[in-house]
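Down below is the structure, laid out as structure tokens.
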Amino acid sequence: DLAAEQVDDVLTYALFPQVGLKFLKNRNNPAAFEPAPEQAAEPAKTVASKQPQAVVAQGPASYSVRVDGKVYEVEVAPSGELSSVKPVVSENIPGSASVTGSTTLNSPLAGNIWKVVTKAGASVKRGDVVIIMEAMKMETEVRAVADGVVAKIHVAAGDAVANGDVLISFE
């Protein structure tokens, strides 16, 4: 059912078919959407004590940092200086989902399933596109990270998935 703003509605649906259709169906139902963010209350002011606070010395904090697609383990001393930086070796190809125990293909990110490219029983090779996902208005190709035969597809077009959800099982 298109409203008086037919051109706007058509454009909304053309640009965002899945989300746009849900919006158009529920435009007059505020309960179907997230509540609008409220202004955060100002933080409570604290009264400074007259005695200095003791600073507890802690060991270096460890962080995983991704730079240009490469992951590094970084340790930062309490003073803020870098203690160590070590590259982390990853065997995943960019844009690939992870394979757990060589039997399942997991989602590399949270988003919506745009298209399932493969079928149950199909033979796939490492690097073949098996699913196309949409996240943040960008399409992401999910590729097989190993050769195999598709045993079961756990998702369908339009499904919302979280990072790590099982997408496909292999034989």
- Task: Within region 105-137, work out how many residues are within 12 Å of LEU167 (Cβ to Cβ) and outside any strand (DSSP E or B).
- Result: 5
- Flagged in region 145-171 as part of a loop (DSSP other than H, G, I, E, B) and closer than 12 Å to PRO108 by Cβ, in numbering order, are VAL145, ALA162, ASN163, GLY164, ASP165
- Task: Inspect region 102-111 for any residue being at pLDDT 90 or above, out of contact with any helix residue (DSSP H, G or I) (no Cβ under 6 Å at 6 or more places or on another chain) and farther than 26 Å from GLU73 by Cα and give the result as yes or no.
- Result: yes
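Output the number of residues of region 22-60 satisfying the condition of being of a type outside the set (Val, Ile, Thr) and modelled with pLDDT under 75.
18
The values are calculated or read from the model by the stated rules, or taken from the named source; none is laboratory data. Model, not experiment: these values are computed from the prediction. Glycine also receives a Cβ, built like all others from the backbone with ideal geometry; neighbour counts cover every protein chain displayed.
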